[in-house]
Amino acid sequence: MEFNSLCAKDLEKSFRYSPHNMPIYQTSAFEFETHDESVSVFNGDQKGFSYSRYNNPTTESVAEKIAALETHGIDIEAYAYLTNSGMSAITAIVNSLCSQGDIILTQNTLYGGTIELFQKPIMRSGIETIFTDFSSLENIRKIISENPKIKLVYIESPTNPTLEIVDLKGITDLAKQYNIFTVTDNTLNTPYLLQPFKFGIDFIIHSTTKYLSGHGHSTGGVVVGKDKSFKKILWENIKLLGLNPSPFDSWLLYNGLKTLALRMKEQCTNAEIITRFLEEHQKVKRVNSLYLKSFRHAPLVQKQYKNGYGALLSFEIAAESNRISHFFNNLKFCKIVPTLGDLDTILLHPATSSHLKVDKEIREKNGINDNLIRISVGIEDVNDIINDLKNALSWV
Ligand SMILES: *Cc1c(COP(=O)(O)O)cnc(C)c1O
C-alpha cells in the first residue's frame with residue numbers, strides 16, 4: 001500500500017465529520033487539486049493555502065479572533081497577523097512603516113527587550129530612535145516639531161514594571177497633526193481591559209506569550225491594523241523575514257483565548273485585593289498599582305480602561321536591599337519566574353533580571369531601584385497568595 005494513500009482528507013471525502021475544536025494544521029505546505037488551482041492561488045485570484053510560512057489555517061483563524069477582540073463594540077474593521085514572538089511583531093510593524101533615515105519616537109521606560117531592539121538591530125538598519133518622557137504632551141510636541149523625520153510614535157501603557165499610564169488619545173491626536181503613525185504595545189492590558197483603537201491608535205501589537213495565551217506554554221506575537229493599505233506589506237514582511245508562528249503555537253493561543261475574560265476577571269480581582277494588602281504592610285514602602293485610590297494617573301485610567309485595571313503590580317520593600325534575597329528565598333507558593341501573565345502568581349526582581357542591562361542611573365531615575373519587586377498576579381485563591389507574601393515579608 002502506498003504510504004500516502006489514506007489521509008485524513010480522504011476520510012473527509014468518504015463521510016462527513018466536523019471537529020468541534022480547531023485542528024492543528026501542522027503541515028508546512030498544502031496540496032493543489034489541479035495545476036489551474038495552483039496558478040490561481042499563487043497569483044492571488046483565488047483564496048487558498050500554499051505554504052505555511054505564507055499562511056496557515058490554524059494561524060489565520062486565531063489572528064482573526066484577535067482582530068475581532070480588538071474591535072469588539074467599535075465600528076471599525078481590523079486585520080491581524082500572528083508572529084512567532086512579541087519581538088517579531090514589533091520588528092514586523094517597524095519594518096512595514098519605517099525605512100532608512102526615519103526616526104521612531106518612544107518612551108524612556110519600554111519593555112527592556114524593545115529598548116534593545118530599537119538600539120541594536122533597528123538602529124543598525126538605519127532607523128534611529130529618540131527616547132523621551134511621554135508624561136508631557138508639550139514635550140512630545142516640541143520633539144516632533146523639531147524632528148521632521150519622525151515617522152512613528154511607539155507607546156507602551158502601562159509601563160512595566162512601574163505602571164505609568166500614557167495619554168493614548170492625547171498622543172494620537174498630536175501624531176495625526178504631523179502625519180505620524182502610532183503603534184501601541186497592548187500586552188499588559190489585552191483588549192478585555194483596553195481597546196487602543198478607541199483612542200485613535202493606528203496599530204496594536206501584543207506579546208501573546210503573556211495574557212492572551214495566558215498559560216505560559218507558548219511564545220508568540222500579533223500585529224493588529226485597521227488601515228487596509230498596510231495589510232500587504234505587513235504580510236509580506238512577516239513572510240519574507242520568516243516571522244510566522246508554528247501552527248502548534250497558534251493552536252495553544254487559540255485555546256488560551258477561550259478563557260481570556262475569565263482569567264482577566266479573576267486576576268484583576270486578586271490584584272486589587274493584593275494592592276490593599278501591600279498598601280497597608282509596614283515592610284512595604286511604595287506600591288505601584290492602578291488600583292491605588294490615590295493613583296496619580298487615575299483620570300486617564302478611568303477614561304481608558306473597562307472591566308478592570310490589569311494584574312501587574314510592583315512594590316518597594318522598606319529594608320536594606322541586601323534583604324531582598326530573604327524575601328524571594330522564603331516564597332513557597334508564589335514562584336520566581338521572569339515572565340508575566342501566566343495563570344499562577346509569579347515574582348521577579350527587575351534590577352537583576354529584566355532591567356539588568358539598563359544603566360543603574362537611568363533605571364533608578366525611572367523608579368526601578370534595587371528594592372523594587374514585580375508581581376504578576378495569578379488566578380489562585382487570593383488568601384494563598386497573601387499568606388505567602390506575608391510570610392516572605394516577615395523575613396526581610
Ligand atoms: C514580553 C513582552 C514583549 C516581548 O515579547 P516576547 O513574546 O517575549 O517576544 C514585548 N512587550 C511587552 C510589554 C512584554 O511584556
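Can you tell me which of (1) closer than 28 Å to Lys258 by Cβ; (2) surrounded by fewer than 19 Cβ atoms within 10 Å (Cβ to Cβ) is the one Ala67 doesn't meet? Result: Ala67 fails condition (2) only. Of all the residues in region 346-383, those that are at pLDDT 95 or above, surrounded by 14 or more Cβ atoms within 10 Å (Cβ to Cβ) and outside any loop (DSSP other than H, G, I, E, B) number 9. For region 384-394, filtering for residues that are under 18 Å from Ala318 (Cα atoms), surrounded by fewer than 17 Cβ atoms within 10 Å (Cβ to Cβ) and not hydroxyl-bearing (Ser, Thr, Tyr) leaves 2.
For every residue, the table says whether it meets (1) more than 27 Å from Tyr305 (Cα to Cα); (2) within 16 Å of the ligand (Cβ to nearest atom); (3) not acidic (Asp, Glu).
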| site | (1), (2), (3) |
| --- | --- |
| Tyr79 | no, no, yes |
| Thr83 | no, yes, yes |
| Gln100 | yes, no, yes |
| Thr106 | no, yes, yes |
| Ser125 | yes, no, yes |
| Ile155 | no, yes, yes |
| Leu163 | no, yes, yes |
| Leu168 | no, yes, yes |
| Leu188 | no, yes, yes |
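Filtered by the rule that a residue be of a type in the set (Phe, Trp, Tyr), out of contact with any Leu (no Cβ under 8 Å at 6 or more places or on another chain) and either more than 24 Å from Glu236 (Cα to Cα) or loosely packed, with under 10 Cβ neighbours inside 10 Å (or both), region 3-53 gives Phe3, Phe15.
Report, by residue number, each residue of region 268-326 that is without any contact (Cβ under 8 Å) to a residue 40 or more places away in the chain, outside any loop (DSSP other than H, G, I, E, B) and of a type in the set (S, T, N, Q). Selection gives Thr275, Gln302, Asn322, Ser325. If you go through region 9-19 one residue at a time, do you hit one that is part of a loop (DSSP other than H, G, I, E, B), hydroxyl-bearing (Ser, Thr, Tyr) and touching a residue at least 60 places away in the same chain (Cβ under 8 Å)? No, region 9-19 contains no residue that is part of a loop (DSSP other than H, G, I, E, B), hydroxyl-bearing (Ser, Thr, Tyr) and touching a residue at least 60 places away in the same chain (Cβ under 8 Å). Return the residue satisfying two criteria in turn: it lies in region 221-243 and is out of contact with any helix residue (DSSP H, G or I) (no Cβ under 6 Å at 6 or more places or on another chain), touching a residue at least 60 places away in the same chain (Cβ under 8 Å) and assigned to a loop (DSSP other than H, G, I, E, B), and of such residues it is nearest to the ligand (Cβ to nearest atom). Among those residues, the one meeting the criterion is Gly242.
Of all the residues that make up region 133-154, how many are touching a residue at least 40 places away in the same chain (Cβ under 8 Å) and farther than 23 Å from Leu300 by Cα?
Matching residues across region 133-154 total 4.
In the set Leu292, Leu257, Leu278, only one residue is hydrophobic (A, V, I, L, M, F, W, C) and closer than 30 Å to Pro57 by Cβ; that residue is Leu257. Spot the failing condition for Ser96; the list is (1) surrounded by fewer than 15 Cβ atoms within 10 Å (Cβ to Cβ); (2) of a type in the set (Ser, Thr, Tyr); (3) assigned to a helix (DSSP H, G or I), and only one is missed. The number of the failed condition is (1).
Of the residues making up region 30-51, not a single one is assigned to a loop (DSSP other than H, G, I, E, B) and closer than 18 Å to Lys226 by Cα.
The values are calculated or read from the model by the stated rules, or taken from the named source; none is laboratory data. Please read these numbers as outputs of a predicted model, since none were measured by experiment. In this analysis, Cβ positions are derived from the backbone assuming ideal geometry, glycine residues included, and neighbour counts consider all displayed protein chains.
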